[in-house]
Amino acid sequence: MRLFWPALLVLTTSCGVAEEGTQPVVTGRFGSKPTVSIPKGQPGRTPRITVLSVGSGRRTVPGDVVLADVDIRRWSGNRPYLSTYDGNQPTSVVFDGRKVAETWRQSLIGRPAGSRVMLVSPAAEALGPDLPLAGVSPADTLVLVFDILGGYPPDARLVGRTLPVVPADLTPADPPRTLIDGSGREVVAGSKVVIQYVAAAWPSRAVVDSSYRRGGPSAFTLEAGSVPAAWVGALAGRRVGSRVAVPSPGERPVLYVIDILDTITRA
């Protein structure tokens, strides 16, 4: 899920409430799906941003690919709208000069990784006019809770290393192969892993996918159903900074080379 939702507005940023008693209450730890309680009062019509907790990681900057989990729900009836926690793949928001909703820019840019931020806003300003609104009108109020996993340059790569290339002798029958040993934190099954990768078809060995070509790093939850099955065993136990060749056999075999840029342990 990559977001390019344009919106032009004047945003009022607040760490308080617009009207007494109309601030949603969010509980739960960073990295886990939040529990949101919606008050009975009216939400107001001005977008409001509230920093719920401040992380200790690198601050996001303009130009970054910001990776974040987001839970979106309607104010009316506290009805779920969308949640990346359900799909186990955080959203990627590219702040490279293309228009993104100003509410998202204010919520995500300049925040340390590990921060939880809440946005309360009319849907038209929270999502932008180009996103199809399913079951809501532009004037309906949405509550968005972001867990900011981190900001990364679009061309982020292993320090001092060239771009990954699929080894000439790699076949779908081979076991995973460590091409570069990293020395960072260990990746564990069930954690989120931030990667760049290339993928080549077999037997043509033609590159069919590349995160470098598509705009930058992505984050995935390292568990069955969220990533190709071969990734789980191949990446669990590796360390940040590693480059791993991962054959993915099947009806349409694929050869991956994956650079592990970061990992975030599930709360």
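Looking at segment 9-25, can you tell me whether even one residue there is in contact with a helix residue (DSSP H, G or I) (Cβ under 6 Å, 6 or more places away or on another chain), assigned to a loop (DSSP other than H, G, I, E, B) and either at pLDDT 90 or above or aliphatic (A, V, I, L, M) (or both)? Within segment 9-25, one or more residues are in contact with a helix residue (DSSP H, G or I) (Cβ under 6 Å, 6 or more places away or on another chain), assigned to a loop (DSSP other than H, G, I, E, B) and either at pLDDT 90 or above or aliphatic (A, V, I, L, M) (or both). Considered as a group, the residues in segment 26-44 that are in a loop (DSSP other than H, G, I, E, B) and touching a Gly at 6+ places or on another chain (Cβ under 7 Å) include one that is farthest from Ala123 (Cα to Cα), and that residue is Phe30. Of the residues making up segment 154-167, none is outside any loop (DSSP other than H, G, I, E, B), within 25 Å of the chain's Cα centre (by Cα) and either farther than 25 Å from Gly63 by Cα or of a type in the set (D, E, K, R) (or both).
Kindly indicate which of Ala224, Ala229 is open to solvent by 70 Å² or more (accessible area, probe 1.4 Å), out of contact with any Phe, Trp or Tyr (no Cβ under 8 Å at 6 or more places or on another chain) and without any contact (Cβ under 8 Å) to a residue 12 or more places away in the chain.
Ala224 is the lone residue from the list that is open to solvent by 70 Å² or more (accessible area, probe 1.4 Å), out of contact with any Phe, Trp or Tyr (no Cβ under 8 Å at 6 or more places or on another chain) and without any contact (Cβ under 8 Å) to a residue 12 or more places away in the chain.
Among the residues of this structure, Pro138 does not count as one that is open to solvent by less than 50 Å² (accessible area, probe 1.4 Å) and either aromatic (Phe, Trp, Tyr) or assigned to a loop (DSSP other than H, G, I, E, B) (or both). The selection criterion, being touching a residue at least 24 places away in the same chain (Cβ under 8 Å), farther than 29 Å from Ser226 by Cα, out of contact with any His (no Cβ under 8 Å at 6 or more places or on another chain) and not basic (Lys, Arg), does not hold for Thr84.
Listed here are the strands (runs of 3 or more DSSP E) enclosed by segment 175-267 that have at least 2 residues being modelled with pLDDT under 95 and among the polar types (S, T, N, Q): 218-221.
Restricting Asp181, Asp147, Asp155 to residues that are within 30 Å of Ile49 (Cα to Cα) and open to solvent by 80 Å² or more (accessible area, probe 1.4 Å) narrows the list to Asp155.
Based on this model, can you work out whether Asp147 counts as assigned to a loop (DSSP other than H, G, I, E, B) and of a type in the set (D, E, K, R)? Against the criterion (assigned to a loop (DSSP other than H, G, I, E, B) and of a type in the set (D, E, K, R)), Asp147 does not qualify.
The values are calculated or read from the model by the stated rules, or taken from the named source; none is laboratory data. Since this is a predicted model, take the numbers as computed values, not measurements. Quick reminder, even Gly has a Cβ in these numbers, built from the backbone with ideal geometry, and neighbours come from all protein chains shown. When the accessible area is computed, the model is the full protein with side chains, heavy atoms only, and any ligands, DNA or RNA have been set aside. Shrake-Rupley method; radii C 1.70, N 1.55, O 1.52, S 1.80 Å.
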